[in-house]
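Below is one structure; the comments refer to it alone.
The values are calculated or read from the model by the stated rules, or taken from the named source; none is laboratory data. Remember, it's a predicted structure, so these values are computed and weren't measured experimentally. Counting neighbours? That spans all protein chains shown, and the Cβs are built from the backbone with ideal geometry, glycine included. The accessibility values were calculated without ligands, DNA or RNA, using every heavy atom of the protein model including side chains. Shrake-Rupley method; radii C 1.70, N 1.55, O 1.52, S 1.80 Å.
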Amino acid sequence: MTTKFRFAPSPTGYLHVGNARLALINWLFAKKTGGGMVLRLDDTDEERSTEEYAQGIQDDLMWLGLEWSELKKQSDRNAEYTVAFDTLKASGRLYPCYETGDELDYKRKRQLARKLPPVYDRSALKLSDEEKAAFEAEGRKPHWRFLLDQEVVAWEDDIRGHVEVDCGSMSDPVLIRTDGRPLYHLPSVVDDIDFAITHVIRGEDHVSNTALHIQLFKALNADAPTFAHIPLLMGPDGGPLSKREGSQSLRELRESGLDPMSINSLLARLGTSDNIVMRNNLDEVIEGFDISRFSRAAAKFDPAELRNLNAKILHEMPWDKAEEKLSLPTATEAFWLAIRGNITAMTEASDWLAVVDGPISPVVEDQAFLTSAAELLPVGDLDEGSWKIWTTAVKEGLGVKGKALFMPLRQALTGQAHGPEMNKMLPLIGREKALARLNGKTL
Ligand code: GLU
């Protein structure tokens, strides 16, 4: 059997970490089983869906390296949804309802006040043809509900194991709104059937939807796919993800200089019992991937962990890879090797390049010391050995050692109290700038 997966975001916003995790898990499972992943844009909500978000989602997935085998838009498929609507209507599984939002609200409140579950009472099912005609004459348009079989729906979930949901305690879901537009359920199931999706992997907030979808698959004479429901992400303290932690868009993470492999490495293993280790490429992530390793418990997402992984990636990144990502024309391999251990995000590289290239304002506390030190700078080209030779000469010549020796030199040469190893920085800065800075000049 060829497997086929789908990632189905709504283009009503940019992707965030939670979406990216679902996309990645679908993609990995597809790769692992030699199948493909459809990117399905759930854009039935015309008011909130935009072309900009649709494009942004594709850009973000490409950035992560998660290519799709087909791109589908629900807005292109109204004809197919109408066919399904007609089928369900013909088999008596769809019925028109005329309650307004206010009327439904009132019903719900009354049920709650009587401590009853707020389940739709199916009163529209009892409407006579005359009553329906009277509503239509009033100008009311119906919305359409799916008549659920009031039974327990069960499936074997790839993550949750045997799941049972009692549809007897659920409201018949509205499939079509009064303006004739389909809501999420019908297009989702029709697409899963038409695109021959074999596995639906989505968030566990969809568990009860899955029960009703299984009924819809059956009502449309199709086999239901295999389901897997991924537990949601929580913040590091076990509470809901805050805006800062999790709802940060991938776009923001990208702009903050994160490498996509830090996100892929973390999200592919978060919520499993596997150790989270930095992976250099997606092939390495595919290798150890196994859906059954995901736990049923919610996973904690800690942005600090992401930063740590990212730092590890950068600390080991070879120059040829860094060069592609840097887009800094004056950066050299020696520069990269000097600074990579000191950055946690790629964007920080340009700060160090600005230190090397200048101009910077040296931090000077004791100009006399620096002027004397400058006179001891080794002659000829500066290389990685020069710092040691120079500082030994300063130590012996001026009788200063330890922090009192190194800190003023670093601060004068880089304008900073901390940073990459000075034996590597000194040759990058070069004699001319080093001498100027030691003499307190901005260069
Ligand atoms: N657009 C839906 C969502 O983002 C898709 C859910 C599904 O995978 O069926 O929640």
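Observations on the structure shown:
- Rounded to whole Å, sorted largest first: equivalent-ellipsoid semi-axes of the chain, Cα gyration tensor: 63, 22, 19
- Normalising the average separation of contacting C-alpha pairs (under 8 angstrom, six or more residues apart) by the number of residues puts the relative contact order of the chain at 13 percent.
- Highest-MSF residue in the chain out of Q367, Q248, Q58 [GNM, Cα springs under 10 Å]: Q367
- For segment 166-227, the list of trypsin sites (Lys or Arg not before Pro) that fall in a loop by DSSP and count at most 12 other C-beta atoms within 10 angstrom is empty.
- For G415, nonlocal amide neighbours, meaning residues 5 or more places apart or on other chains whose placed amide H falls under 5 Å from its own, are V363.
- Remark: spin-label model distance K115-K395 equals 8.2 nm, labels positioned 7 Å along the Cα→Cβ axis.
- For segment 321-443, the equivalent ellipsoid built from the Cα gyration tensor has semi-axes of 26, 14, 13 Å, listed from largest to smallest.
- The per residue volume of the convex hull around the alpha-carbon atoms of segment 87-225 is 128 Å³.
- Sites listed here are GluC sites (Glu not before Pro) in segment 349-443 whose DSSP assignment is loop and whose Cβ has at most 16 other Cβ atoms within 10 Å: E365, E384, E421.
- Expressed to the nearest 5 percent, the antiparallel share of DSSP beta bridges inside the chain is 50 percent.
- Restriction of the GluC sites (Glu not before Pro) in segment 65-149 to DSSP coil positions whose beta-carbon has at most 14 other beta-carbons within 10 angstrom yields E67, E138.
- In the chain, the portion of solvent-accessible area held by carbon and sulfur atoms comes to 50 percent [1.4 Å probe, whole percent, DNA, RNA and ligands not counted].
- Filter on K395/K424; K312/K395; K72/K218; K300/K424; K401/K433 - keep pairs with C-alpha separation over 30 Å: K312/K395; K300/K424
- Entry comment: accessible area of segment 284-381 is 52 Å² per residue, from protein heavy atoms only and a probe of 1.4 Å.
- Based on DSSP H segments of at least four residues, each scored -39500 (n - 2.57), the chain has a per-residue ellipticity at 222 nm of -13500 deg cm²/dmol.
- Fluctuation leader among N275, N26, N342 - the chain, Gaussian network, Cα springs under 10 angstrom: N275
- Nearest-10 value in Å² for the accessible area of H199, using the 1.4 Å probe: 20
- Angle between the chain longest axis and helix 422-438 axis [Cα atoms, degrees, rounded to 10]: 60
- Per-residue packing, averaged as other Cβ atoms within 10 Å, sorts the ranges 31-39, 107-115 into the order 31-39, 107-115, beginning with the highest.
- Efficiency of FRET from Cβ geometry, E130 and T87, R₀ 30 Å, rounded to 0.05: 0.65
- Take the Cβ atoms of R296 and E375, set R0 to 56 Å, and the FRET efficiency comes out at 0.20.
- Here the Karplus relation 6.51 cos²θ - 1.76 cosθ + 1.60, evaluated at θ = phi - 60°, turns the backbone of segment 31-37 into coupling constants of 5, 4, 9, x, x, x, 10 Hz, with x for every Gly and Pro.
- Accessible surface area normalised per residue over segment 51-151 is 60 Å², counting heavy atoms of protein chains with a 1.4 Å rolling probe.
- Along segment 16-28 the Karplus relation, 6.51 cos²θ - 1.76 cosθ + 1.60 evaluated at θ = phi - 60°, assigns HN-Hα couplings of 10, 4, x, 5, 4, 5, 5, 4, 5, 5, 4, 5, 5 Hz to successive residues, with x for each Gly and Pro.
- Rg [Å, one decimal], Dmax [Å, integer] - segment 314-354, C-alpha atoms: 8.6, 22
- Probe 1.4 Å, accessible area per residue of segment 209-282, Å²: 39
- The ratio of the alpha-carbon radius of gyration of segment 1-103 to the globular-protein estimate 2.2 N^0.38 Å is 1.32.
- Under a 5 Å amide H cut-off, with hydrogens placed 1.01 Å from N, L41 pairs with K72, K73, Q74 among residues at least 5 apart or on other chains.
- Charge dipole magnitude, Cβ of K and R +1, D and E -1 - the chain, Cα centre, debye nearest 20: 1000
- Residues K403 and S75, FRET efficiency given R0 of 51 Å [Cβ-Cβ distance, rounded to 0.05]: 0.20
- With Cα atoms as the point set, segment 235-382 shows a radius of gyration and Dmax of 20.5, 68 Å.
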